[in-house]
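The values are calculated or read from the model by the stated rules, or taken from the named source; none is laboratory data. On a predicted model such as this, the values are computed, not experimentally measured, just so you know. Using ideal geometry, Cβ is built from the backbone for each residue, glycine included, and neighbour counts are taken over all protein chains shown. With ligands, DNA and RNA removed, areas are computed over all heavy atoms of the protein, side chains included. Shrake-Rupley method; radii C 1.70, N 1.55, O 1.52, S 1.80 Å.
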Amino acid sequence: MTFPLLDAVLSPADLRQLPREELPKLAEELRAFLVESVAKTGGHLASNLGTVELTLALHYVFNTPDDRLVWDVGHQTYAHKVLTGRRAGMTRLRMKDGISGFPRRHESPYDTFGVGHSSTSISAALGMAVAARDKGEDRRVVAVIGDGAMSAGQAFEALNNAGVIDANLLVVLNDNDMSISRPVGALNKYLARLLSGRTFNAARRAGEKVLAMAPPLLEFAKRAEEHVKGMIVPSTLFQEFGFNYIGPIDGHDLDSLIPTLQNLRELTGPQFLHVVTRKGQGYKLAEADPILYHGVSKFDASNGIEPGKSAGKLTYTQIFGDWLCDMAASDERLVGVTPAMCEGSGMVRFAAEFPKRYHDVGIAEQHALTFAAGLACEGMKPVVAIYSTFLQRAYDQLVHDVALQNLPVMLAIDRGGIVGADGATHNGAFDLSYLTCIPNLVIMAPADEAECRRMLTTAYRIDGPTAVRYPRGTGPGAQPAAALDALPVGKGEVRRHGRRIALLAFGTLLAPALEAGATLDATVANMRFVKPLDHELIKELATSHDLLVSIEENAVIGGAGSEVERALASQGLTAPLLRLGLPDRFVDHGDQAQLLAELGLDAKGIVDSVRRNFHS
């Protein structure tokens, strides 16, 4: 396709030179470009298609980047990237040395805040607005947040704070599944423009000054305004937080969006605009199935994605989903909990087969852990499916509400290690480090798919807090058995007998460790458990080998290797230990295998590290 209007827009300054009547055509071109581009690279599609008009309107009305635009999560920022000079970079979206799938401060001055996790936008934008006020800078700050992200506690903490601070902040609620508002139309559009206008707000302020001399009349007037607005717009909640609420309006109607935003830009204090958009807007296949088209691999834009198409091997996520259903069928106490990650965590089948025992608590990781703790207090067996980086948000709840009380809450931790295209915000680089220091917690990492199923069973049957940590994607292809068999707790195994060098592999790096072991004629141990660690096996290997090498897909600082070092010291063993793992830096996006190779965690890298550090 050709994109004549889009070709002329190299920056938001160019966009603001266009006549308003040309913007709908530009929106069509931009949407078509996104479909064409993401089909070639993969990425987040449906959410980006839903915010094309909103993105155009925001950059058209506000003087970005001087006016600050803060996006929540970042799943919806591809149009923003295209309009801010990164269109050419879309050919290497989420690839190594290419542009990120999320806003990043070092990538562009238009990316005012780095994101990737949800519900941070209002807090960050409020900080920027207060800074502008205190420095005497005349700028506007806009936070764009989705209705899903609005369910998280941090968003409400920020709203509660913003409503009592005298700062110029606009919060735009992008309601993309109509979970809050009723259908919008001409009346709502008219009211939104009226209520955001300077005349209306000036009249209201003047009336308040007059009525302030007669308090009963002022109170009556305020109540009358609330009731009138409440009959036609769902304003009460946000008004109570101290915001001037406007909406809901059609987020795809530029003739409504632009005048409303222009009016809001002239107002002071906390403002709240509620827009309704549709995920996948303009691409019929994505409109029909926005979940399928949320995060996509490369596909044929003309024919779309083939639902259910698989490369053959089961993913670790699918292993968990199947296990969850099998275990639930055998134990009616099992309850599944997820913080808004039903599809991502493999719980779709469980939700369908056991709807009364399935709980999606929304984007509320803290609540998920304490909710599970409450279930466990009453004799239930909660299984919390959560991504490694999302668990970071519930660390206090894990420590205080679960582990301290030694409650049988099981964590199925997905996306452990390098995740690939989503990059630094989603790499599960720290979980072994932040979990091992927690008392009462049993932690294990499977080497393959079959072992993953057995570890899930093992964790579930322990009467205390447990964690099974597994990576994104597929493993070596070990076929899981149908039985719900457990493993002996705290016991590893020697998978290859060699001499002089012993490789201690934690989790899925066992496969490259075995390959490296063959090259080095080294012993290779599958450690299985990070906590409790197999002290007997470590002692045996330390006393019969000249060098131990711990290998993990976790930060080398404070991870499994540190536990091996501690085990050696506690037993008075002096065997040299080489610790291999993720470096002390944030690892960027790219292909998983390529990144692991560059980090020295493939077979060749392990061999090279050993040879550099071991001289026979």
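What the phi angles of the stretch 117-134 give under the Karplus curve with 6.51, -1.76 and 1.60, with θ = phi - 60°, is a coupling list of 9, 8, 6, 9, 5, 5, 4, 5, 5, 5, x, 5, 5, 5, 4, 4, 4, 5 Hz, glycine and proline written as x.
Assuming R0 = 51 Å, what is the FRET efficiency of Ser302 and Arg20, from their Cβ-Cβ distance, to the nearest 0.05? Kindly include the intermediate steps, with their values, before the conclusion.
Working: r = 32 Å, r/R0 = 0.63.
Once the sixth-power term is evaluated, E becomes 0.95.
Among the listed options (i) 31.0; (ii) 27.7; (iii) 34.0, the one matching mean projected area of the Cα convex hull in nm² as calculated from these coordinates is (i). In this structure, the residue pairs whose Cα-Cα separation is over 26 Å, taken from Lys96/Lys531; Lys491/Lys604; Lys381/Lys531; Lys356/Lys491, are Lys96/Lys531; Lys491/Lys604; Lys356/Lys491. Of the trypsin sites (Lys or Arg not before Pro) found in the stretch 584-616, the ones in coil according to DSSP and having at most 14 other Cβ atoms within 10 Å of their Cβ are Arg585.
In order along the stretch 560-570, the phi-based Karplus estimate (6.51 cos²θ - 1.76 cosθ + 1.60, θ = phi - 60°) of 3J(HN,Hα) comes to 5, x, 5, 5, 4, 4, 5, 5, 4, 5, 5 Hz; Gly and Pro are listed as x. Label-to-label distance, Ala482 versus Glu266, with points set 7 angstrom from Cα along the beta-carbon direction: 7.2 nm. Once the Cα atoms are used to define both axes, helix 52-61 deviates from the longest principal axis of the chain by about 60 degrees. Taking amide H positions as modeled 1.01 Å from N, with prolines and chain starts lacking one, the residues under 5 Å from Leu582 and 5 or more places away or on another chain are Asn554, Ala555, Val556. One chain, two ends: Ala352 and Ala13. Fully extended at 0.36 nm per residue, the span grows by 117.1 nm beyond their Cα-Cα distance. In order along the stretch 481-496, the phi-based Karplus estimate (6.51 cos²θ - 1.76 cosθ + 1.60, θ = phi - 60°) of 3J(HN,Hα) comes to 6, 6, 5, 9, 8, 9, 10, x, 5, x, 10, x, 8, 8, 9, 8 Hz; Gly and Pro are listed as x.
Split the accessible area of the chain by element, probe 1.4 Å, and carbon with sulfur accounts for 53%. For Gly473, the amide hydrogen comes within under 5 Å of the amide hydrogens of Tyr316, Thr317, counting only partners 5 or more places away or on other chains and with H modelled in the peptide plane. Taking all protein chains into account, the per residue accessible area for the chain stands at 41 Å² (1.4 Å probe). Dipole orientation for the chain: of the candidates Pro480, Ser544, Ser118, Ser118 has the Cα lying most toward the positive pole (charges on Cβ; Lys, Arg +1; Asp, Glu -1).
Please give the residues of the stretch 144-167, grouped as numeric ranges, whose backbone N is less than 13 Å from a label point set 7 Å along the Cα-to-Cβ vector of His400. Answer for this model: none. You can think of it this way: the chain between Arg461 and Glu493 has 9.4 nm of extra reach, that is 0.36 nm per residue less the Cα-Cα gap. Amide H contacts under 5 Å for Val442: Thr466, Ala467, restricted to partners 5 or more places along the chain or on a different chain, H placed in the peptide plane at 1.01 Å from N. Note on Asn160 and Glu515: the extension gain reaches 122.3 nm, defined as 0.36 nm multiplied by sequence separation minus the Cα-Cα distance.
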